[in-house]
């Protein structure tokens, strides 16, 4: 069905159909923008850096779906050298906003702190290059594409105070906060036009 997605329930192992954009909460029913089923190209075309969010909470079903997609991301030698921290309480949001003090960022009702586990990342034998930053980037984009499928907005944030983030959340020494991903309903339905280099500038057949 065009307006639904399905996921496997971890306990029942049965497929169930859910609507991530609608949820009954203590504040009433939250309605998220409905989107038609999209293939990968359409998801990539629809996703953009959202810098402004409504205050509606992210439904739990939508968050769990996004995290399921993230957990399945590929990584070098399947090391999965990552940990994801969910910030949605006032205390956690207050801390993460100190790490990136922008007015638009403070509108997001939820932020995912994406961390590299350096003691688990693969190291390329030929030159000692560590692969954790590549792996966390793949996982972070899974977050963004899954969020787009659920009718949510997201944005990559890398220009934040990583040392302060590490300190405020008392992260383990082996973990490096690499990316912040705010999530929420975009404050506007306008999707900006993408500007990308032409194919001929970025692809060469050898």
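The numbers here are math on the coordinates, done by the rules we state, and not lab data. Bear in mind that the values here come from a model prediction, so they are computed numbers and not experimental data. All Cβ positions, glycine included, derive from the backbone under ideal geometry; neighbour counts span all protein chains shown.
Please state the shape class of the stretch 82-185: rounded when a/c is under 1.5, otherwise prolate if a/b exceeds b/c and oblate if not, all from the C-alpha gyration tensor. Oblate is the answer for the stretch 82-185, as a/c is 1.5 or above yet b/c matches or exceeds a/b.
The coefficient of translational diffusion for the stretch 80-136, derived via Stokes-Einstein from the alpha carbon Kirkwood radius under 20 °C and 1.002 mPa s, stands at 164 µm²/s. Take 70-81, 170-181 and order them by the average number of nearby Cβ atoms within 10 Å per residue, most first; the result is 170-181, 70-81. For the pair residue 90 and residue 190, the difference between a 0.36 nm per residue extended length and the Cα-Cα distance amounts to 33.1 nm.
Size estimate for the stretch 116-156 follows the Kirkwood approach: the inverse of mean 1/r over distinct Cα pairs works out to 11.7 Å. The three principal axes of the C-alpha atoms in the stretch 40-94 carry coordinate ranges of 38, 31, 21 Å, sorted with the longest axis first.
For residue 106 and residue 46, the FRET efficiency from 1/(1 + (r/R0)^6), where r spans their Cβ atoms and R0 equals 22 Å, is about 0.35.
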